[in-house]
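Taking it in order: structure first as structure tokens, then the write-up.
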Amino acid sequence: MKNLPMQFKTNPKSLEQKNYAVASPLTLRRTKGLFFALCFYLLSQSFTIPLLPIGTWAIWPNLSDFAVGLLVLMFLLNFRCVSPASHANKRIFLILVLVLYGSILSYTSYLAWVDKDASGIKFGIFQIYRLVEFISIFWITAHIPLTPERINILRRIIDFVLVFVCLGIILTFFSILPLATLTAHLPQSPDVAGPWSRYIPERFGDGWGTIGYNHAYGGIQVLMIVSLRIHLTFAQKEISDNIFLFLSILASFLTGSRAGLAGMLAFATIYWFKKPTYAVMILVTSVLGSIPAIMFGQMMISLFNQENYNPDEDSIFDRQKTLLNANNSENLSGRDEIWQERIDFLDEDPSRWFLGTGFGSAVDSGDNAHMLFLHIILETGIVGLLCFGILFAQILIFLYRCESGIKSIFWVTVTFLLTSLTQENFYPVPALGHFIGFYLCSVAIALRGRSQANCS
């Protein structure tokens with residue numbers, strides 16, 4: 001507890017009261033529906049598989065989309081009763097709006113010269129729609145009055161979400177829960193379902209629990225959930241925090257996302273560094289538990305997936321251990337070739353480096369860059385990268401100054417920025433679903449503080 005503020009050591013409630021907006025009983029009563037919508041949105045992060053096949057596969061609605069609709073409705077019905085946003089959240093919201101405005105300008109300029117049949121037109125519309133959705137989540141969350149009682153409810157919800165997501169990854173990895181059962185309500189044809197067609201019985205390991213078809217999404221979703229959980233506990237529940245961290249590391253390992261696992265281990269190391277008494281305990285438990293866990297996993301694979309499992313194929317252990325040799329280009333899964341191809345494309349016309357080729361246009365010229373910063377330059381140029389830098393500089397500054405406890409949202413943001421060297425964490429691509437919305441929601445909660453003396 002030595003890393004916590006003095007008032008938290010003597011009275012945990014005092015820190016909680018300091019970091020929540022003061023709201024009258026009448027305001028709390030009138031915003032019950034809005035708070036329920038926030039709870040529903042956080043709960044929706046446990047199951048991000050589409051519910052209905054409406055439109056193309058990229059826009060099939062899931063629980064999170066319905067939750068956003070409920071959030072907007074409740075906000076419109078109760079906007080006169082909500083609490084004012086903190087200074088930090090107001091500043092971040094302003095920059096987010098400017099980013100949205102710049103994205104629309106970039107997309108508009110792209111429409112002026114592109115062929116009307118270009119695929120990037122639809123992707124641009126999708127990305128703008130997602131940005132509007134995500135920014136709305138942030139702004140509405142910033143206005144919801146939160147009390148210690150309400151935050152305790154949010155923590156319990158996140159506890160459930162984390163366990164549900166991790167168990168989903170574990171059960172589907174070992175085929176105890178067949179992947180196809182999760183998408184039996186969706187079209188199975190690849191021409192219609194796109195990447196969601198990977199959730200079929202004949203494919204082993206394509207699909208990660210109740211999150212989605214992209215292992216990067218599974219990895220960063222687990223990390224975001226556990227970091228929010230630690231934030232909501234104010235580091236009071238150290239034993240349960242460590243248990244959830246251990247479960248999250250296991251689930252992240254099974255996703256096969258090397259960037260996700262590296263980020264999870266980095267975040268856990270930061271947490272244990274601040275809580276050194278638990279570092280040895282977790283290390284010993286991990287070593288002692290690894291051997292029976294591996295034996296159990298192999299037994300489950302053999303028992304439930306005898307027809308599809310091929311022991312000669314690279315195992316999840318072989319894939320994840322390449323983290324120990326990250327400088328080997330063979331372990332980049334072709335990313336180095338993609339990066340070079342994308343750079344060569346930008347070099348063909350130097351103006352592309354400055355303004356990009358247009359918001360949503362990457363699909364017209366090849367693959368995504370598989371590196372956040374390069375992908376931003378590809379579509380919006382160095383100008384877009386500068387806006388991105390300003391946004392996250394502000395987020396990091398405010399989180400460092402204002403977030404309570406061990407600053408888990410601050411450190412997870414740093415971790416995400418590091419892992420974005422091999423994926424597009426903070427870009428509204430279809431493969432990462434509602435991750436940005438969930439992240440911005442968490443930032444708004446972390447910066448809800450009433451006391452802004454150190455946050456200006």
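The values are calculated or read from the model by the stated rules, or taken from the named source; none is laboratory data. The model shown is predicted, which means the values in this text are computed figures rather than measured ones. Please note: Cβ atoms are built from the backbone with ideal geometry, for glycine as well, and neighbour counts cover all protein chains shown. What goes into the accessible areas is simple: the full protein's heavy atoms, side chains included, and nothing from ligands, DNA or RNA. Shrake-Rupley method; radii C 1.70, N 1.55, O 1.52, S 1.80 Å.
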Could you check, for segment 431-454, whether at least one of its residues is assigned to a helix (DSSP H, G or I) and either touching a strand residue (DSSP E or B) at 6+ places or on another chain (Cβ under 8 Å) or at pLDDT below 95 (or both)? yes
Would you pick out the residues in segment 401-418 that are without any contact (Cβ under 8 Å) to a residue 60 or more places away in the chain and within 18 Å of G218 (Cα to Cα)? T413, L417
Of the conditions (1) modelled with pLDDT under 85; (2) open to solvent by 20 Å² or more (accessible area, probe 1.4 Å); (3) within 20 Å of R258 (Cα to Cα), P178 satisfies every one except a single condition; which number is it? (3)
Test for F244: is it open to solvent by 10 Å² or more (accessible area, probe 1.4 Å), modelled with pLDDT of 90 or more and either under 16 Å from S408 (Cα atoms) or in a helix (DSSP H, G or I) (or both): yes
Within segment 374-384, does at least one residue satisfy the condition of being at pLDDT 95 or above and among the hydroxyl-bearing types (S, T, Y)? yes
Test: residue in segment 402-415 that is open to solvent by 10 Å² or more (accessible area, probe 1.4 Å), part of a helix (DSSP H, G or I), under 30 Å from S83 (Cα atoms) and polar (S, T, N, Q): no
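Yes/no per residue for (1) modelled with pLDDT under 70; (2) surrounded by 16 or more Cβ atoms within 10 Å (Cβ to Cβ); (3) not in a helix (DSSP H, G or I):
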| site | (1), (2), (3) |
| --- | --- |
| V192 | no, no, no |
| P195 | no, yes, no |
| G205 | yes, yes, yes |
| I230 | no, yes, no |
| A259 | no, yes, no |
| F267 | no, yes, no |
| Y271 | no, yes, no |
| A279 | yes, yes, no |
| G297 | yes, yes, no |
Looking at I170, I157, can you tell me which residue is of a type outside the set (S, T, Y), touching a Cys at 6+ places or on another chain (Cβ under 8 Å) and at pLDDT 90 or above? I157
Looking at segment 109-131, can you tell me whether even one residue there is β-branched (V, I, T) and within 19 Å of I445 (Cα to Cα)? no
Please work out if P145 is of a type outside the set (A, V, I, L, M, F, W, C), open to solvent by 20 Å² or more (accessible area, probe 1.4 Å) and not in a helix (DSSP H, G or I). no
